[in-house]
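A quick write-up on the structure given underneath.
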Amino acid sequence: MSRPPEDRGGELRSLFFESANELLQSLNEAGLELESRPADEEVIRRVRRAVHTLKGDSAACGFNKLSELAHELEDVLTPQVAQARGSELAELVLTAADSFGAMLTSYQRRKEPPSVEALHAMIRKLLEGPASSGSAGAVAPQLPAQFAWTEYEQLMISEAVHRGETVYNVALRIDPNSLMRAAAFQLIRNVLHGSGTVIALRPEDNVAAATVEIVEAALASSQGEERLLQRCRIPSIVSDVRLERSATAETPEHELLGDLLEAQAAKLVASGADPADGASASVPAAAGSAAAAVAESTLRVEATRIDAVMNLVGELIIGKSMLNRTLTEFDQKHARDPLRAKLADAMAFQARILDELHKCVLKIRMVPVEQLFRRFPRVVRDVAKQCGKDVALELSGQNTDLDKGILDALSEPLMHLVRNAVDHGIEPADERLTAAKPARGTVYLNAYHQGTQVVIEVRDDGRGIDPVQLRARAVEKGVLKAEEAKRLSDQETLNLIFESGFSTASAVTEVSGRGIGMDVVRTVLDRLKGTVQVSSHKGRGTTIQLRAPLTLASIQTLLFRVGGRLFAVPLSSVVEITRITDPEIHRVDQREVLRLREQILTLVRLDHLSRLHSIDTQPVRKKHFVIVIGAAERRFGLLVDSLVGEEELVIKALPTEIVSSDLVSGASILGDGTVVLILNVPAVLSRLARATPLGAIA
């Protein structure tokens, strides 16, 4: 059953927007390269290809304004303009990427595209400049061609001339922006066959055409030169044409050869009798084969479909847990039954296959962090230019894999961190030279795996953060009282930068100063069940680490009970487990603490932090289990009644109307149907900081 035209049009537009974003990213990267290498013709060709593709795709989707703008931009993307006015051309490419991005956003929201008059003015300025006018006034160089025909081909040309036919030597340059040279050559050959008799052709087949720029032909035709030139100028396929008459003289010695070749010439003319059909049939065939090759290696799938498969795998994991519990009960009741061993083998096989399936689905959602990192060279360049600084960006760990959903969520926090590193962290050139540093500052972006987490570091070699000035700023802003500020350690002082509305900037600018960015960083990481950690050395720079789980689909957890209720905490957050008695618990400043190997830990009781009503009827225990939980550099002890064990849980999000506490980040279901609440460690730390003095958190 065929889909309605509007469905096909919507699918075409969604594919266009996805590919257009990739083209804009390539434009940004090429624009940055043009700033350092303005005369690099390969970079200019890359820009032309991207703009040319954007022009054609936008026209096919009906976005005429975008297509016309791309067409206008193509006129100025020439090596001559790049050599004469390279810096202006680089700025034009970056501005064009921004303009295209704004227009695409408007088209996606079904709004009128914004005005791009500034870009039009830049294009006109470059076209009217000395480089363009000088090249326009000069005579275009003749297309280089050898027309070195073999002796046999020269005989054929002479015979055609002897019969009174006009023979032309034709040279056609394949457009360098053409991505499928074999298809372009096939179309050129069809047009030549449709214009007359092709006596000679270089290259002779599609395979050789893949590496050839100029196609040469000897063509016997009754059509005039203007008509032939018009037919040979194939849009988007041929960029230049050279046409000249063959100078071969008529000789009677070729009469016999002419008689022999007439039959063959007639067959050639018959094969090109309907050039329109030939042209239309050949290009889709070649394009189809290229598209098929791409389709074999890449398959675009909607994220919702992968999520649906992931949910089904999650249900299978719950089913595996149910079967394991059933098998355990069977063992207890029928320990000597021979069927027990067969069931155990079948369960082990099913568990192994299910684990592989789970890993495969997780890998489908994994994408390299390079997709996120490649945006930031342009961000650093723009912010540094706006602040009047010279800043370089160094990337590493781009091949680190991360869940696509988490990668998208980290985009905004990383944007704030990189902008702050350039604006606040890196000093002006004169200040850096005074401090015996190179004039150019550097921002480093790095990503790597650590256990079940991914760590993304943003580091700069700037001035660092002064804790003394930070405390004074916090008191001035009313974030802390003077007495509280004195009690803060340096690490706790650095964490103040994540407070809402707090900023170290002395003035509000377009880049920063409103105290919003770092608060966004912490909020997003809390939502991802991750952590953010800052370290700084005055005069040497600042490092901020973002730690997030590799995936939000399933996690390894430690199960425990408090007040008769079952909870889980991510196993990656558990540092150690110990057991204590009531006399080992001390009270300091209205809080419970534990001394564990020369370290003072704040003890947390979940029933004290939230309105948790106990359903446990057992008598009060004299011994307690303490789960030491670490988040970044902070640690605390969680007092629990009993430990249940380790379990892989499939996370299910809970609506706010069911669970109003922020201490719970999600839930899961065990094999026996028991609901487990998953503890939100960052929220516990936040609640603990509000409930007790900040200095109490070890």
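The values are calculated or read from the model by the stated rules, or taken from the named source; none is laboratory data. None of the values given here were measured: they were computed from a predicted structure. Methodologically, a virtual Cβ is constructed for each residue, glycine included, from the backbone with ideal geometry; neighbour enumeration extends over all protein chains shown. Heavy atoms of the whole protein, side chains included, go into the accessibility calculation; ligands, DNA and RNA do not. Shrake-Rupley method; radii C 1.70, N 1.55, O 1.52, S 1.80 Å.
Observations on the structure shown:
- Leu15 meets the conditions (1) under 29 Å from Ser87 (Cβ atoms); (2) touching a residue at least 60 places away in the same chain (Cβ under 8 Å); (3) of a type in the set (A, V, I, L, M) in every case but one. The failed one is (1).
- Looking across the stretch 336-351, the residues that are open to solvent by 60 Å² or more (accessible area, probe 1.4 Å) and at pLDDT below 85 come down to Arg336, Pro338, Arg340.
- Test set (1) surrounded by fewer than 21 Cβ atoms within 10 Å (Cβ to Cβ); (2) modelled with pLDDT of 85 or more - Leu89 fails condition number: (1)
- Positions within the stretch 535-547 being in a strand (DSSP E or B) and either among the aromatic types (Phe, Trp, Tyr) or under 11 Å from Gly464 (Cα atoms) (or both), in sequence order: Ser535, Ser536, His537, Gly541, Thr542, Thr543
- Considering the conditions (1) farther than 18 Å from Leu143 by Cα; (2) touching a residue at least 60 places away in the same chain (Cβ under 8 Å), Glu204 is excluded by exactly one of them, (2).
- Yes/no for Glu22 being in a helix (DSSP H, G or I), open to solvent by 60 Å² or more (accessible area, probe 1.4 Å) and modelled with pLDDT under 85: no
- Within the stretch 312-321, being within 19 Å of Gln556 (Cβ to Cβ) and open to solvent by 80 Å² or more (accessible area, probe 1.4 Å) holds for Glu315, Leu316.
- Number of residues in the stretch 643-675 that are exposed (fewer than 15 other Cβ atoms within 10 Å of the Cβ), at pLDDT 70 or above and small (Gly, Ala, Ser) equals 2.
- Within the stretch 355-374, residues that are on the phi < 0 side of the Ramachandran plot and part of a helix (DSSP H, G or I) reach partners that are among the small types (Gly, Ala, Ser) and surrounded by fewer than 16 Cβ atoms within 10 Å (Cβ to Cβ) with beta carbons closer than 7 Å, at six or more positions or on different chains, in the pairs Leu372/Ser411.
- Residues of the stretch 448-470 that turn out to be open to solvent by less than 50 Å² (accessible area, probe 1.4 Å) and either out of contact with any Asp or Glu (no Cβ under 6 Å at 6 or more places or on another chain) or of a type in the set (Phe, Trp, Tyr) (or both), as a count: 12
- Filtered by the rule that a residue be among the acidic types (Asp, Glu), more than 23 Å from Arg547 (Cα to Cα) and part of a loop (DSSP other than H, G, I, E, B), the stretch 451-491 gives a lone residue, Asp466.
- Ile580 at pLDDT 85 or above and either surrounded by fewer than 15 Cβ atoms within 10 Å (Cβ to Cβ) or in a strand (DSSP E or B) (or both): yes
- If you go through the stretch 518-541 and keep only what is farther than 13 Å from Leu410 by Cα, small (Gly, Ala, Ser) and either out of contact with any Lys or Arg (no Cβ under 7 Å at 6 or more places or on another chain) or modelled with pLDDT under 85 (or both), you end up with Ser535, Ser536.
- In the stretch 214-239, the residues that are in contact with a Lys or Arg (Cβ under 6 Å, 6 or more places away or on another chain) and assigned to a loop (DSSP other than H, G, I, E, B): none
- Here Leu603 meets the list (1) touching a Gly at 6+ places or on another chain (Cβ under 7 Å); (2) at pLDDT below 85; (3) hydrophobic (A, V, I, L, M, F, W, C) almost entirely, failing just condition (2).
- Condition met for Arg611 (basic (Lys, Arg) and either more than 19 Å from Val676 (Cα to Cα) or at pLDDT 85 or above (or both)): no
- Just one of (1) closer than 30 Å to Val301 by Cα; (2) assigned to a helix (DSSP H, G or I) fails for Ala384. It is (1).
- Qualifying residue in the stretch 191-207 (condition: at pLDDT 85 or above and touching a Pro at 6+ places or on another chain (Cβ under 6 Å)): yes
This table checks each residue for (1) in contact with a Pro (Cβ under 9 Å, 6 or more places away or on another chain); (2) open to solvent by 60 Å² or more (accessible area, probe 1.4 Å).
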position: Gly388; (1), (2): yes, yes
position: Leu393; (1), (2): yes, no
position: Pro413; (1), (2): no, no
position: Arg419; (1), (2): no, yes
position: Gly425; (1), (2): no, no
position: Pro428; (1), (2): no, no
position: Thr434; (1), (2): no, yes
position: Leu445; (1), (2): no, no
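- Any hit, the stretch 475-485, residues being modelled with pLDDT under 85 and of a type in the set (Lys, Arg): yes
- Filtered residues of the stretch 395-411 (kept if over 13 Å from Val443 (Cα atoms), open to solvent by 40 Å² or more (accessible area, probe 1.4 Å) and touching a Phe, Trp or Tyr at 6+ places or on another chain (Cβ under 6 Å)): Gln398
- Applying a threshold of 9 Å to beta carbon distances and a minimum spacing of six or more residues, or different chains, the list of pairs starting in the stretch 59-73 at a residue that is closer than 18 Å to Glu117 by Cβ and hydroxyl-bearing (Ser, Thr, Tyr) and ending at one that is open to solvent by less than 20 Å² (accessible area, probe 1.4 Å) and part of a helix (DSSP H, G or I) reads Ser67/Leu54; Ser67/Ser58.
- Being open to solvent by 50 Å² or more (accessible area, probe 1.4 Å) and either in a loop (DSSP other than H, G, I, E, B) or touching a Pro at 6+ places or on another chain (Cβ under 7 Å) (or both) is a property that holds for Gly164.
- Sole residue being part of a helix (DSSP H, G or I) and more than 26 Å from Gly101 (Cβ to Cβ), chosen from Arg432, Arg378, Arg419: Arg432
- Hits in the stretch 167-204 - residues which are in contact with a Lys or Arg (Cβ under 8 Å, 6 or more places away or on another chain) and part of a loop (DSSP other than H, G, I, E, B): Pro176, Asn177, Leu179
- Test: Val51 is β-branched (Val, Ile, Thr), in contact with a helix residue (DSSP H, G or I) (Cβ under 7 Å, 6 or more places away or on another chain) and touching a residue at least 40 places away in the same chain (Cβ under 8 Å): yes
- Among the residues of the stretch 54-104, the ones that are under 27 Å from the mean Cα position of the chain (by Cα), of a type in the set (Ser, Thr, Tyr) and not in a helix (DSSP H, G or I) come to 0 in all.
- Of all residues in the stretch 207-228, those being closer than 16 Å to Asp175 by Cα, surrounded by fewer than 21 Cβ atoms within 10 Å (Cβ to Cβ) and not small (Gly, Ala, Ser) number 5.
- Screening the stretch 395-411 for residues that are in contact with a Pro (Cβ under 8 Å, 6 or more places away or on another chain) and assigned to a loop (DSSP other than H, G, I, E, B) and picking the one that is nearest to Ile555 (Cα to Cα) gives Thr400.
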